[in-house]
Amino acid sequence: MVLDKLGESISNALRKVAGRGFVDKAVVDEFIRDLQRALLQADVDVKLVYGLSNNIRDKVLNEKPATGLTAKEHMVKTVYDELVTFLGRETGTIELKKQKILLVGLYGSGKTTSAAKLAKFFLRKGLRPALVGCDTFRPAAQEQIMQLGNQVGVPSYAKGSDAAKAAEEAAKMFSDRDVVIFDSAGRNALDKELAGELTRLKDAIKPDEVFLVIPADIGQAAGKQSEEFAKLVGITGVIVTKMDGTAKGGAALSSCSVVNAPIKFIGVGEKADDFEQYDPKRFVSRLIGYGDLQGLVEKAEEIKSPELMKSAENMMSGKYSLQDFYEQIESVKKMGPLKQVMQMIPGLKMPDGILEVQEKQMAKWKVAMDSMTAKEKLNPEIIDASRIKRIAAGSGLKDDDVKELIKHYDRTKKMMRMVGGRNLKRGNFAQLAKQFGMKV
Ligand SMILES: Nc1nc2c(ncn2[C@@H]2O[C@H](COP(=O)(O)OP(=O)(O)O)[C@@H](O)[C@H]2O)c(=O)[nH]1
Ligand SMILES: [Mg+2]
């Protein structure tokens, strides 16, 4: 996932804490040093890093743990809470109502791509979006937005050389659409020309939302840029793009929390589907190795796959049969790249390269499961040596392939059970601590 390295370093640092007998100043200081190193490597501003470290140190050492929490759990909870505040403060809610959204940002930040992604997002939510290209500055921009509109299947409009006029015409034309998304032109910097253009555009559109689009690889310039745009046109939300292409996204995510606008979405690739609603709680959970079951359920909902919903539900309730496993393999293709999907399944944090093998293996497993009876799939525990032989023969595979499948299923089920009942909000940090190898 995005910011893999940062997540790995923080999990390692927490695991180190888990190995210590008890939490004292030396342990906390060591953890803080590790955390600082990790954040600085992710390009987070030095001042922000010190602010965060001081908060964590202060709370871990001076606050009394909530009832029922051990000192170590208190430390994990504090780190989690502070990171959530740090990387976004609040969840950027998206209202599913009739509205006008204006996208602003510098050249190449990903505005036009994000406009199409946004349109697709609303489309999936059952609303009727439209795209308006107000970039009259770049020659190919109008064509680009029309093409993207075609691709995602929403009407689009881009005409003329006067951005504000085009916006007004489009607003009239799309008055019956639910969500009208206005894409604007960028420049290399927020110069006078762009400032004037955006102000006029905003006056013409009177948008309900103004989203600033910034690329994750912008580094520490993110803070200053967000402030400038916020001052000029007011910002109600931020879209951080290109989270897939950098290990340095920490700067963009943390600096955004400085201006008073939540991050609403992150872009994680060039395609219209590479777009996620941003929830700092979930993001941090994933970052430090806590599976994102919620994300899987949401995505399943969007794709409207009843089988997948059911299997996600089964996963959470601990009922997880080979049938569920089978349906997941089937549905995974509909959901997009396996890698993305797997990252959302708790306990399945996999090293690079392993997923390619996995994909081949899954194809084999599917064949094996096709040779199973419905009863075997629902009650895999009845699959004994003779059944394994029959299934292998029936599917043209080796006994070992079938055994491997059963082993994998057992492992997955165990992991599901471990994380299934957890709920961070309910304050069940014992589970979380266990993930880090702590004795609780
Ligand atoms: N990898 C990646 N590329 C992106 C993402 N968002 C946009 N891009 C690419 O960034 C480049 C500029 O995007 P564009 O939308 O034209 O930027 P604009 O000038 O702000 O409208 C294009 O090549 C996009 O494909 C993202 O989330 N991930
Ligand atoms: Mg553009």
message: When you check Leu87 against the structure, is it touching a helix residue (DSSP H, G or I) at 6+ places or on another chain (Cβ under 7 Å), among the aliphatic types (A, V, I, L, M) and more than 16 Å from ligand 2 (Cβ to nearest atom), yes or no?
response: yes
- request: Residue by residue through segment 147-190, note down the ones that are more than 13 Å from ligand 1 (Cβ to nearest atom), within 25 Å of the chain's Cα centre (by Cα) and more than 11 Å from Gly133 (Cα to Cα).
  value: Val152, Gly153, Val154, Val179
message: Anything in segment 198-209 that is under 9 Å from Cys134 (Cβ atoms) and either among the aromatic types (Phe, Trp, Tyr) or within 16 Å of ligand 1 (Cβ to nearest atom) (or both)? List them, or say none.
response: Leu201
query: Among the listed residues Asp162, Asp176, which satisfies the condition of being open to solvent by 60 Å² or more (accessible area, probe 1.4 Å), assigned by TED's automatic domain parsing to the domain that holds Gly219, at pLDDT below 95 and away from ligand 2 (no atom under 16 Å from the Cβ)?
result: Asp162
query: Is it the case that Lys364 is open to solvent by 60 Å² or more (accessible area, probe 1.4 Å), of a type in the set (D, E, K, R) and at pLDDT 70 or above?
result: yes
- request: Can you give me the number of residues within segment 1-49 that are closer than 15 Å to Met75 by Cβ and of a type in the set (Ser, Thr, Tyr)?
  value: 1
- line: Among (1) open to solvent by 60 Å² or more (accessible area, probe 1.4 Å); (2) within 16 Å of ligand 1 (Cβ to nearest atom); (3) of a type in the set (Val, Ile, Thr), Thr93 falls short only on (2)
task: Examine segment 112-132 for a residue that is over 22 Å from Ala261 (Cα atoms), surrounded by 16 or more Cβ atoms within 10 Å (Cβ to Cβ) and within 13 Å of ligand 2 (Cβ to nearest atom), and state whether such a residue exists.
output: yes
- prompt: Checking Gly149 against (1) in a helix (DSSP H, G or I); (2) within 11 Å of ligand 2 (Cβ to nearest atom), which single condition isn't satisfied?
  reply: (2)
- prompt: Among all residue pairs at least 6 apart or on different chains, which show Cβ distances below 7 Å where the first residue, located in segment 118-137, is of a type in the set (Lys, Arg) and the second is in a helix (DSSP H, G or I)?
  reply: Lys120/Val152; Arg124/Glu302
task: Within segment 233-256, track down each residue that is within 15 Å of ligand 1 (Cβ to nearest atom) and open to solvent by 30 Å² or more (accessible area, probe 1.4 Å).
output: Lys242, Asp244, Gly245, Ala247, Lys248
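Just name the residue that is most open to solvent (accessible area, probe 1.4 Å) out of those in segment 28-76 that are basic (Lys, Arg) and part of a helix (DSSP H, G or I).
Lys47
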statement: Those residues of segment 214-245 that are outside any helix (DSSP H, G or I) and closer than 12 Å to Val259 by Cβ come to a total of 6
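The values are calculated or read from the model by the stated rules, or taken from the named source; none is laboratory data. Note that the structure is a prediction, hence the values are computed from the model and not measured. Glycine also receives a Cβ, built like all others from the backbone with ideal geometry; neighbour counts cover every protein chain displayed. Each accessible area value is taken on the protein alone, full model and side chains, heavy atoms only, with ligands, DNA and RNA left out. Shrake-Rupley method; radii C 1.70, N 1.55, O 1.52, S 1.80 Å.
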